[in-house]
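The values are calculated or read from the model by the stated rules, or taken from the named source; none is laboratory data. No experiment lies behind these values; they were computed from the predicted model shown. So basically every Cβ, Gly included, is an ideal-geometry build from the backbone, and we count neighbours across all protein chains shown. We work out accessible area using only protein heavy atoms, side chains counted, and drop any ligands, DNA or RNA first. Shrake-Rupley method; radii C 1.70, N 1.55, O 1.52, S 1.80 Å.
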Amino acid sequence: MRSEEYGRVVYSGSGLEGLGSGDTKTTVLELFESWWAQALADPRVGEPAAASLATFDAAGGLPDNRILLIKDFDAGGLRFFTNLDSAKGRQLETTPDAAAVMLWHPMFRQVRFRGPVERTTRDEDREYWVTRPQASQLASWSSSQSAPVASREAVTAGFAAAESRFRDTEVPLPEQWGGYRLRPAEVEFWVGMPARLHDRVLWRTSDGRPRPLDSPDGWESQRLQP
Ligand SMILES: Cc1cc2nc3c(=O)[nH]c(=O)nc-3n(C[C@H](O)[C@H](O)[C@H](O)COP(=O)(O)O)c2cc1C
């Protein structure tokens, strides 16, 4: 089946009106915060925190990409949590740069980020770990994420083993679990518009290095062609 047979979606988004090229009245953080809040509040958006995270697999010589959840963000960037020994963890160890995309399709909005990635502190990891549901903690304990496994049964047996190991105790923070912070040096806001004349505004730092997202200085904005 060709994708056009689903019918063409007419995009009619909003959100970048009044932001001319070079307009720095709005900080990146202010705009992203308002879009994020609107996405969280919109019942049509199924998983508002989902982002695709692209990394570079230097060993294989190819880009890699997967969906994960953005835990939160502040002026310092976007935080996400994962298994540090996973494929993405190993890729970030070798090449600590990434690109992320968030799509809020019912709102016809997309936001793209590029920049270096750094590990969160162990205190940040612990602070989030203790808020996770116990089942998720046990799953993190029992899974060597991205490593081959013989069968589905081996996966569930590993989970059951973790369950009995920690039956009467809190599940401690595993050594191989933690977070990363993507520190953007570029953020592009995209709004889908009729006739595919989409609206795009790219913010990038003047020196190509990450800067606080709430800084009115050091960021330049530029409207891009659709
Ligand atoms: C909606 C959704 C949310 C996900 N959230 C996370 C997450 O927060 N952390 C994570 O490690 N993997 C998450 N995953 C799984 C990843 O897509 C991926 O399978 C896993 O992290 C292994 O990726 P890697 O082998 O490239 O390291 C999520 C997948 C989906 C579809």
Practice task
Just subtract the alpha-carbon distance of residue 217 and residue 122 from 0.36 nm times their residue separation and send over the number in nm, one decimal.
Solution key: 31.1 nm
Practice task
Run the accessible area of region 165-224 with a 1.4 Å probe and give the carbon-and-sulfur part as a rounded percent.
Solution key: 44
Practice task
Note down the relative contact order for the chain as a percent, whole number, built from C-alpha pairs under 8 angstrom at least six residues apart.
Solution key: 27
Completion exercise
Taking a ≥ b ≥ c as the square roots of the eigenvalues of the Cα gyration tensor, with a/c under 1.5 meaning rounded and otherwise prolate when a/b exceeds b/c and oblate if not, the chain is prolate
Handout entry: Environment charge at residue 226 (Cβ cut-off 13 Å; Lys +1, Arg +1, Asp -1, Glu -1)
Key = +1
Problem - Extension gain from residue 12 to residue 59, taking 0.36 nm per residue of separation minus the Cα-Cα distance - result: 12.7 nm
Practice task
Could you compute the FRET efficiency for residue 105 and residue 74, with r as their C-beta to C-beta distance and R0 at 25 Å, rounded to 0.05?
Solution key: 0.50
Exercise for the section: Could you calculate the contour length gain from residue 197 to residue 2, that is, 0.36 nm times the residue separation minus the distance between their Cα atoms, to one decimal place in nm? Expected result: 67.9 nm
Exercise for the section: Could I have the simple spin-label model distance between residue 209 and residue 30, label points 7 Å from Cα toward Cβ, reported in nm to one decimal? Expected result: 2.6
Exercise for the section: Measure out, as a whole number of angstrom, how far apart the alpha-carbon centroids of region 160-192 and region 1-52 sit. Expected result: 25
